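Everything below concerns the one structure shown next.
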Amino acid sequence: MSKNLIQASTGTPWTAWQQSAHLARATWISPDSLCPPGRRLVLLAPHPDDEVLMAGGLLTAFRGREQDLLLISATDGEGSHPGSSTWTEQRLRHQRPLESRHALQQLDLDLTQLDWRRLHLKDGAVPRDEAFLVNHLNQLLRPEDLLMTTWRGDGHCDHEALGRAAAQAALVRKVQLAEVPVWAWHWAKPDDSRLPWSRAHRIELDEAGVARKRQAIAAHHSQLEPDQDRPAVVPPALLECLLQPFELVFL
């Protein structure tokens, strides 16, 4: 599914997902059991905001253990508003990384202690750089790492390219892979057989973690505010799904 089709669809509301037997069967896990202190999380985000949308709650568990976190931002997110006179690519390329920085601060992470790398790949064209991503990850990964990125079936070309590249690198380097659906909440149905439900787990978040995630998401003004006659890039129904007291992950 293309980004434009995702944004044009009405989306699946949280009230519908509450009826999902597949989701109800997903095993609950704690952040510490998924990535205990001393184990490194390598978080690969396609665009500035995806690290928070997919794992903002989990990231709150890394306060004071920033040395266990490697954050990789694939693009600068300049392609979120095609044809906009307000949010030009040049403005977005500057603005969205700033929003991302502010968001991570809302999660109470010490950015001076965080290894945060930006790859500056072309937003909307990440599939052409898949081989580069695989090689890059192969050089970075350590045997005990947890590699987390967007699900390879998420419905956005950049999200899927990162998922495929991460899967290849995880296989070669023999590290655990965690894939997170983001846009799938929007276009999929509660009984959708395209989602790998047999690998689904719910990372349990407490109230404070959800609150910090909400604050972090709010830092992404460019994605949450309408642009003249266009709706916000990230629709409210999707945000409701992503602000539940868990984060869904495929292991």
key: Debye intensity ratio in log₁₀ form over the Cα atoms of the chain, taken at each q of 0.15, 0.17 Å⁻¹   = -1.06, -1.43
query = Arranged from highest to lowest average of other beta-carbon atoms within 10 Å per residue, in what order do the peptides 23-34, 178-189, 91-102, 40-51 appear?
reply = 40-51, 178-189, 91-102, 23-34
remark   = Placing +1 on each Lys and Arg Cβ and -1 on each Asp and Glu Cβ in the chain, then taking the dipole about the Cα centre, the residue among 26, 237, 220 whose Cα reaches farthest towards the positive end is 26
query = So what is log10(I(q)/I(0)) for the stretch 38-133 at q = 0.22 1/Å, when the Debye sum runs over its Cα atoms only?
reply = -1.11
remark   = To the nearest 20 debye, the chain has a Cα-centred charge dipole, built from +1 on Lys and Arg Cβ and -1 on Asp and Glu Cβ, of 480 debye
ask   = If each of residue 115 and residue 30 carries a label point 7 Å out from its Cα toward its Cβ, how far apart are those two points in nm?
value = 2.6 nm
query = How large is the charge dipole for the stretch 60-181, taken about the Cα centre, if only the Cβ atoms of Lys, Arg (+1) and Asp, Glu (-1) carry charge, to the nearest 20 debye?
reply = 180 debye
note = Counting only DSSP beta bridges fully inside the chain, the antiparallel percentage to nearest 5 is 25 percent
task = Ratio to report: Rg/Rh of the stretch 139-251, with Cα atoms as the point set and Rh obtained by the Kirkwood method; give two decimals.
result = 1.00
query = In whole angstrom, how far apart do the alpha carbon centroids of the stretch 134-154 and the stretch 60-85 sit?
reply = 15 Å
inquiry  = Given R₀ = 30 Å, what would the calculated FRET efficiency be for residue 108 paired with residue 135, taking r from the Cβ atoms and rounding to 0.05?
reply    = 0.35
ask   = Lysine pairs in the chain 8 or more apart or on different chains: how many have alpha carbons under 30 angstrom apart?
value = 6
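No value in this document is a laboratory result; all are computed from the given coordinates. This structure is a prediction, so every number in the text was calculated from the model and none was measured. Note that we place each Cβ from the backbone using ideal geometry, even for glycine, and neighbour counts take in every protein chain shown.
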